[in-house]
1. Assign unit charges at the C-beta atoms only (+1 for Lys and Arg, -1 for Asp and Glu), then state the dipole size of segment 15-66 relative to its Cα centre in Debye, rounded to the nearest 20.
2. Residue by residue through segment 58-69, which ³J(HN,Hα) values in whole Hz follow from phi under the Karplus form 6.51 cos²θ - 1.76 cosθ + 1.60 (θ = phi - 60°), with glycine and proline marked x?
3. In debye, nearest 20: dipole of segment 1-88 around its Cα centre with unit charges on the Cβ of K, R (+) and D, E (-)?
4. Can you give the local net charge around Asp192? Use residues other than it whose beta-carbon is closer than 15 angstrom to its beta-carbon, Lys and Arg +1, Asp and Glu -1.
5. Output the 0 to 90 degree angle, nearest 10, between the alpha-carbon long axis of helix 193-215 and the longest principal axis computed from the alpha carbons of the chain.
6. Scan the chain and hand back the longest stretch that contains none of the GluC sites (Glu not before Pro) lying in DSSP loops with at most 16 other Cβ atoms within 10 Å.
7. Identify the residues of segment 172-209 with backbone N under 16 Å of a label point that sits 7 angstrom from the Cα of Gln116 along the Cα-to-Cβ direction, or state none.
8. Between Val231 and Tyr186, what is the label-to-label distance in nm when each label sits 7 Å out along the Cα-to-Cβ direction?
Amino acid sequence: MMTTRSKHYTPHTKMADLVSDHYKILLLIYRFDIPLGMGEKTIKEMCEEYDVDVDTFLFIVHFLLFGEGTGQQELHKKLSLPLIIRFLRNSHSYFLDYRLPEIKRNMMEAISEAPQDIQFVINKYFDEYEEEVYQHMKYENEVVFPYAQALMEGAKDPEYGISTFEQKHDQVELKMLELKNIFIKYYPMATDYKVNNILHDLFTCSDELHNHNDVEDFIFVKIVKELEREVR
C-alpha cells in the first residue's frame, strides 16, 4: 500500500484532482476501465459513465493510498465483488501482457554487453519469476474467480474453499528479491542509465504486485469468506 498523508476523497471530488494528487492512481483507474480525458467530471460522474460502483472504487483508492478500511465488516454488502474481480483480472492482463514483457525487452537491451554468464543468470531468474507470476494468476483466473462468481449465485463447492487459495497464495517475491540483488551486488558493468532504469522498473513492478496482492488478501478474500458463511 502507498503511504502518504491521509486525504479523504468523496464522490464529488474531481477525478482529475485525485490523479494529480496521486499519479500512481493512473494504473488503478485503467484497471477499472476508466480512461483519461476526464475534464472537470467528478469521481461519481466518471464511475457512472464507465459502469463502476463508486463506493467500491473509493474503497480501493483509500485502501491502497492510506491503508484504510481493513477493519470493516460485511464488505460483501458494501462493495461490488464482480467489479473487484474485473479489477483483478485487468491487473493480471497488465502484468502478463504488458508490464513483465516490457521489462524483459528493456532488460535484454540493457545487459546486452554484459558477460554471457551474467546474462544467462539474469535471464534465468527473470524467466522463472515471470513463470511463477503467470501460474499464480492463471490459477486465480481459472479456479478462484469462478469459485467466487459461483458463490455470488448461491452455489458452494464442497470440495473447495477460499482457505485453499490463501494457502497457495505465494507472494512470488523471493525470486524478484534475488534478481534485484544480482544487479545491486554483482552486476560488473560500469555505470549505465539503462541498467539503473531496469533496476528501478524491478522495484516499481515489485511494489505494484505487492499492492495487487494486498487487494486480493485484504478485500477479495475477506468478501469471499463472508459469502461462504452465508451460502450453506
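Here, each number is a calculation from the coordinates, and none is a lab measurement. Keep in mind that this is a model prediction, so the values were computed, not measured. Ideal geometry is used to build each Cβ from the backbone, glycine not excepted, and the neighbour counts take in all protein chains shown.
1. 260
2. Taking θ as phi minus 60°, the curve returns 5, 4, 5, 4, 5, 5, 6, 7, 10, x, 7, x Hz for segment 58-69.
3. On the way: 10 positive and 12 negative charges, 60 e Å.
Using only the charged Cβ atoms, the result is roughly 280 debye.
4. Numbers: positive: Lys194; negative: Glu109, Glu113, Asp201.
Within the 15 Å Cβ shell, the charges total -2.
5. With both axes taken from Cα atoms, the answer is about 20 degrees.
6. Details: sites that count: Glu40, Glu68, Glu74, Glu113, Glu153, Glu159, Glu173.
By the stated rule (loop sites, at most 16 other Cβ atoms within 10 Å), 174-232.
7. Under cut-off, by backbone N: nothing.
8. Here the answer is 4.6 nm between the modelled labels.
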